[in-house]
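Novice: Structure below; questions to follow.
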Amino acid sequence: MRGGGVPGFVGRRRELARLAAALRAVPSVVLVEGEAGTGKSALVRQALAVAGTAPERVLSGYCHPIAEPMPYGPMLDALRSSGPLLAEVAPLPASAGALRSWLPELGAWLPHAPEGGDERHRLVQGIRALLDALGRVVLVVEDAQWADRASRELLLLLARDPRPGLSLLVTYRAEELAGGVPVLGAAYRCPPGVAGGLVQLGPLEEAEVRELAAREWSAEAVPELVAVLSERSGGLPALVVEDLAALRESGPHSEPAVALAETELPRGLRDVVAERLAGLGPDALTVAETVAVLDAPTSEEVIGEVAQLSAERVATALVEALRAGVLAEPMAARYAFCREPVRQVAYRRIPGPVRSALHRRVIAVLRAAEPQPLARIAAHTRALGDRAAWQGVAEEAAEQTAEQGDPAAAGLLLRELLAETDLAPERRVRAARALSAIAANAADDTASTAALGGIVADPRLPVPDRGEIRLTLGLRVAVQGGDRAGFAQIERAADELAERPARAARALVALAMNERDGAGAAAREHMAKAAAALEVEPDEEVAAAYRATLLTFQAREGDPALWPELDRLPRDSTNPELVRQTTRALYNVGDIALDTGHDQRAGRLLAESRALARQAASSYLECYSRIALLRLDGLAGRWQGLEERFAALGTEFPDVAMAGVERAMLLGRLAAARGRLAVARAEFTSAAEYGERESQVTAALRAAAGLGALELAEHGGAAAAAVVASAVAILRQAGAWARSGELLPVAVETARAIGDIDAARHLTEEAAEALGGVDAPAAHAGLELARGHLLDGLGGTGTETGGGAAEAYRRARDAWRAIGRPYEAARAEERLARVLAEHDSQAAAEWLTAAEAAFTTLGAASDAARCQHVRRDLGLGRTASPGRRGYGEALSPRERQVAELVAQGAGNQDIAQALFLSPRTVEHHVASVLRKLGVGRKEVAEALAAR
């Protein structure tokens with residue numbers, strides 16, 4: 001078991017917060033609804049832990065699927081464990097004596113049984129009296145779908161008139177309620193003054209399945225395993241846990257996803273499905289088997305046609321299957337299994353001859369439709385084992401699904417087709433080219449990249465076709481995969497495409513985009529050759545790619561003539577490739593605009609590129625645009641929820657390298673601002689590793705800036721120099737001065753820190769010369785910051801040193817504010833305050849206060865704490881406080897900072913470093929936080945979310 005918390009529990013933050021809040025309030029009633037395996041019991045246990053409920057105050061009873069359950073059995077079972085509480089209670093009322101014969105375990109505390117009256121009435125009054133006497137307790141009744149009538153009535157009575165200290169939690173499966181009646185036997189709504197309500201649990205999202213797999217299996221749960229777990233479990237956590245347990249017991253596996261896919265579905269699921277199917281009549285079972293084979297929400301008429309049943313018999317059978325919880329109605333008048341794993345179990349139980357007959361009937365029905373759903377026909381043909389027929393239908397289906405706007409489904413069909421060893425050569429070439437065309441615009445299709453790699457190795461493929469496919473492969477590796485090794489494939493493709501000059505030109509245009517390994521110097525030569533090839537064979541699509549690349553070069557260079565050119569790009573062309581190249585140009589320029597400091601323009605360009613990418617069906621450009629817009633939010637100080645949004649994007653596109661690197665940059669930036677220096681170092685290191693592979697230099701420069709700043713803060717100039725030196729060399733080699741805004745000030749401060757003032761001065765002057773006439777506000781702001789560092793390092797005061805440094809920092813601060821980056825502006829304000837402290841303490845205090853306020857607003861707790869620390873060290877004044885405020889059981893602002901760091905996994909030493917506090921002070925704050933929240937350290941995040 002890895003991680004903490006209740007086994008099998010992940011996610012459910014909203015439901016957990018609601019349930020924990022209800023448990024803290026009394027009286028309260030919560031109905032927890034969810035199908036078998038959704039984790040209702042785990043949610044209850046986690047909520048009890050988060051709410052800090054003492055275990056002895058939790059009374060649990062269970063309902064069971066038996067023919068004649070004992071009346072009030074769950075409540076009586078729950079009360080059996082109340083003895084330790086009764087020892088602290090004053091003499092019980094006489095009515096509690098009615099329980100004496102039912103609960104002999106409590107005989108030492110219960111009064112003698114009263115005489116006379118209806119026994120059932122006396123028993124109900126006895127249970128209520130005992131609950132009333134116990135005071136603050138939580139009564140948990142599990143699996144209430146199996147409750148007897150008497151227990152339902154008592155639960156309804158307790159829910160409508162709960163005792164003052166009672167929290168009542170009832171879990172149940174709605175699909176198994178007899179006759180569809182409410183769980184309490186009648187409609188229920190919390191009365192006034194009673195907290196709680198209905199909490200419904202559905203299946204887990206794939207990200208939550210990944211979290212559960214990381215906890216139960218391995219912190220490095222691979223995406224392939226998570227995908228198989230999600231498919232097999234339908235998102236039900238109990239099935240995920242059961243699958244992982246079976247996988248663990250079957251021994252170590254080099255490919256756990258493959259091993260799991262070949263394993264039987266979880267026994268718990270098979271048993272439940274078998275039980276439900278066994279309760280169906282013959283017609284209902286036939287309908288269920290038909291729906292299992294159809295494998296899609298289907299109308300009553302089609303089900304009847306395939307099942308060969310009359311309309312009346314189908315309707316009756318559907319009602320029976322729906323009431324039994326076997327089938328569901330996911331959309332109006334369309335019927336299917338409630339979960340895919342349930343359908344799989346039912347499908348595998350169908351005898352082979354019956355299953356084949358059903359598939360043939362389905363194919364006949366689908367062939368009569370207009371248009372024919374070829375992908376479904378192909379699936380049913382394959383299920384019959386007719387490979388030759390399937391190959392023909394699959395090729396047609398791939399073309400149809402691509403035309404219908406589903407490239408992922410088309411790509412899957414084509415990959416399956418290409419895996420056939422006996423595929424005809426002509427069909428193999430057609431399938432390979434079709435897959436290449438789809439993969440060219442896909443954001444997240446690792447399987448297609450692998451398939452393309454296999455195809456180009458096939459000697460049977462004609463050379464020009466191989467070049468075409470190799471070009472797509474190289475672009476996927478270099479662009480979507482972020483690995484400049486893809487340019488070797490593109491270079492080979494350019495040679496193989498010699499017979500197709502326009503396509504060779506497209507390869508040359510792609511080669512020109514590489515900035516690393518000295519390739520930047522050859523960019524103009526590649527573009528000249530591409531232009532010459534387009535003279536030989538004009539092609540408007542390749543010409544559009546050529547134009548987009550030229551605009552990208554202008555953006556990299558900070559050319560002010562760029563902006564009007566963007567307005568001339570075609571947006572309304574009927575040719576999707578022309579729109580895609582316009583989208584590519586807008587994205588490239590928008591992304592580079594973030595590097596150069598045109599943030600407002602970047603926002604507009606990226607929003608437009610995102611919209612056009614959707615229109616042009618280019619998922620990778622849409623993904624890239626969304627990533628860049630999230631980066632813009634981070635730069636603009638819109639940090640709230642940013643980590644979660646990046647995580648969601650990473651889940652949506654797990655194999656897009658840029659999503660990972662930008663998330664690492666963001667997490668590194670936020671962790672540094674919050675004082676989580678070890679986390680920040682790990683994230684920036686991850687980003688730097690990507691920068692080493694990437695063909696563009698920006699990632700390497702930004703990652704080095706982040707790492708260098710950390711090294712300066714923690715270990716001094718020598719450590720920072722080891723990081724920054726290679727990045728400065730890359731900067732010079734690529735001539736990327738317009739994108740140097742982050743690296744330049746760190747590099748100059750590093751040179752100053754190691755005493756190399758000449759190097760600091762030379763780099764500053766070199767940057768100033770390179771940036772003359774360049775339209776790059778961020779680079780100019782970074783240059784002003786670098787000048788401030790240089791002048792501050794010269795020592796003394798006056799115009800040439802301290803005063804000059806102050807003016808440089810002031811200009812940097814103004815520039816960052818104009819760009820729209822509050823964090824960078826606040827950092828410049830802090831540096832300005834430090835310089836002013838020697839000769840203008842009042843101004844220094846004002847600037848430092850402004851910086852601290854900005855950091856606090858952003859959530860940069862460590863930066864804000866550093867400002868407080870600097871103020872104390874420099875003896876700068878601060879606004880007088882009317883006195884220390886008492887916060888009672890609420891968290892003070894400092895405790896809130898500590899709690900948030902604990903929730904992020906920070907240890908006490910990390911917190912002390914982040915907030916500039918002594919370890920003893922941190923220990924005091926942490927103890928206070930845990931006491932006020934009523935949880936252990938691992939539950940702080942959930943407790944904060946619930947408050």
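Novice: Separation between the ALA67 and ARG348 pseudo-spin-labels, each 7 Å from Cα along Cα→Cβ, expressed in nm?
Specialist: Each label point is offset 7 Å from its Cα along the Cβ direction, giving 3.2 nm.
Novice: Give the order of CYS63, CYS338 when sorted by the count of other beta carbons within 10 angstrom, beginning with the fewest. Please list the in-between numbers first.
Specialist: Numbers: CYS63 22, CYS338 17.
If I rank by nearby Cβ atoms, fewest first, I get CYS338, CYS63.
Novice: Here is a further query. If neighbour count is taken as other Cβ atoms inside 10 Å, put PHE916, PHE684, PHE653 in order from fewest to most. Don't skip to the answer; put the middle values down first.
Specialist: Details: PHE916 18, PHE684 28, PHE653 23.
In increasing order of surrounding Cβ atoms, one gets PHE916, PHE653, PHE684.
Novice: A follow-up question, please. In deg cm²/dmol and to the nearest 500, what is the mean residue ellipticity at 222 nm of the chain if only DSSP H runs of at least 4 residues count, each as -39500 (n - 2.57), divided by the residue total?
Specialist: Values: 46 runs with 595 residues, N = 947.
Value at 222 nm, helices only: -20000 deg cm²/dmol.
Novice: A further question on this structure: Which FRET efficiency value, to the nearest 0.05, is calculated for ALA718 and GLU838 with the Förster distance at 22 angstrom and r the Cβ-Cβ distance?
Specialist: It comes out at approximately 0.25.
Novice: Let me ask another. Any aspartates and glutamates with Cα under 12 Å of the LYS932 Cα? List them, leaving off those in the same chain fewer than 8 positions away.
Specialist: Within the straight-line limit of under 12 Å, LYS932 reaches these aspartates and glutamates: GLU889, GLU895.
Novice: Let me ask something else. List the trypsin sites (Lys or Arg not before Pro) in the stretch 547-643 that DSSP assigns to loop (not H, G, I, E or B) and whose Cβ has at most 11 other Cβ atoms within 10 Å. Which are they? Intermediate results must be reported in sequence, preceding the final value.
Specialist: On the way: sites: ARG547, ARG556, ARG568, ARG571, ARG580, ARG584, ARG601, ARG604, ARG610, ARG614, ARG626, ARG631, ARG638; in loops: ARG568, ARG571, ARG638.
Passing sites in the stretch 547-643 are ARG568.
Novice: When you have a sec, figure out the Kirkwood radius of the stretch 893-946 from all distinct Cα pair distances and drop it here in Å to one decimal? Display every interim value, and only then the final one.
Specialist: Numbers: mean 1/r = 0.0931 Å⁻¹.
Kirkwood hydrodynamic radius for the stretch 893-946: 10.7 Å.
Novice: Moving on. Packing-wise, with mean Cβ within 10 Å as the measure, how do 781-787, 367-373 rank, highest first? Could the numbers behind the result be given before it?
Specialist: Working: 781-787: 26.7, 367-373: 10.7.
Descending packing order for the listed peptides: 781-787, 367-373.
Novice: Binning at 20 Å from 0, report for the chain what percent of all alpha-carbon pair distances ends up in each bin.
Specialist: The percentages, shortest bin first, are 11, 33, 34, 18, 3, 0.
Novice: For LEU134, what charge total do you get from the other residues with a beta carbon under 12 Å from its beta carbon, if Lys and Arg give +1 and Asp and Glu give -1?
Specialist: Details: positive: ARG57, ARG128, ARG136, ARG163; negative: GLU56, GLU88, ASP132.
The answer is +1.
Novice: Here's a follow-up. I want the local charge near ALA720. Using Cβ-Cβ distances under 10 Å, sum +1 for each Lys or Arg and -1 for each Asp or Glu among the other residues. Intermediate values should be presented prior to the final figure.
Specialist: Numbers: positive: none; negative: GLU711, GLU714, GLU749.
Value of the local net charge: -3.
Novice: Which shape class applies to the stretch 424-538: rounded if a/c is under 1.5, otherwise prolate when a/b exceeds b/c and oblate if not, where a ≥ b ≥ c are the square roots of the Cα gyration tensor eigenvalues? Could you put the intermediate results ahead of the total?
Specialist: Working: a/c = 2.18, a/b = 1.33, b/c = 1.64.
Oblate, since a/c reaches 1.5 and b/c is not below a/b.
Novice: Could you compute the FRET efficiency for GLU499 and ALA174, with r as their C-beta to C-beta distance and R0 at 51 Å, rounded to 0.05?
Specialist: Working: r = 65 Å, r/R0 = 1.28.
Here the calculated transfer efficiency is 0.20.
Novice: Arrange the peptides 13-24, 654-665 so that the one whose residues have, on average, the most other Cβ atoms within 10 Å appears first. Mind showing how you got there, number by number?
Specialist: Details: 13-24: 19.8, 654-665: 21.8.
Order by mean packing, descending: 654-665, 13-24.
Novice: Quick query: amide H of LEU236 versus all other amide H atoms, modeled in the peptide plane; which residues come in under 5 Å with a sequence gap of 5 or more or a different chain?
Specialist: Under 5 Å from the amide H of LEU236 lie the amide H atoms of LEU204, each far enough along the sequence or on another chain.
Novice: Ok, one more. By how many nm would the segment from SER573 to GLU115 lengthen if fully extended, with 0.36 nm per residue of separation less the alpha-carbon distance?
Specialist: Numbers: separation 458, 0.36 × 458 = 164.88 nm, distance 9.09 nm.
In short, 155.8 nm is gained.
Novice: So which trypsin sites (Lys or Arg not before Pro) in the stretch 156-251 are both in a DSSP loop and have at most 15 other Cβ atoms within 10 Å of their Cβ? The partial results should precede the final answer.
Specialist: Details: sites: ARG160, ARG173, ARG189, ARG210, ARG215, ARG232, ARG248; in loops: ARG173, ARG189.
Counting only loop positions with at most 15 other Cβ atoms within 10 Å, the trypsin sites (Lys or Arg not before Pro) in the stretch 156-251 are ARG189.
Novice: How high is the FRET efficiency between ALA246 and ALA274 when r is their beta carbon distance and R₀ equals 25 Å, given to the nearest 0.05? Can you show the working numbers first?
Specialist: Working: r = 18 Å, r/R0 = 0.71.
About 0.90, to the nearest 0.05.
Novice: Starting from the Cα-Cα distance between ALA561 and GLU312, subtract it from 0.36 nm times their residue separation and give me the gain in nm to one decimal.
Specialist: Values: separation 249, 0.36 × 249 = 89.64 nm, distance 7.40 nm.
Working it through step by step, the gained length comes to 82.2 nm.
Novice: Report the gain in length on full extension from ALA87 to GLU689: 0.36 nm times residue separation, minus Cα-Cα distance, nm rounded to one decimal.
Specialist: Details: separation 602, 0.36 × 602 = 216.72 nm, distance 6.40 nm.
Going from the current span to full extension adds 210.3 nm.
Bear in mind that the values in this text are calculations on the coordinates, not laboratory data. Since the model is a prediction, treat every value here as computed from it, not as a measurement. Using ideal geometry, Cβ is built from the backbone for each residue, glycine included, and neighbour counts are taken over all protein chains shown.
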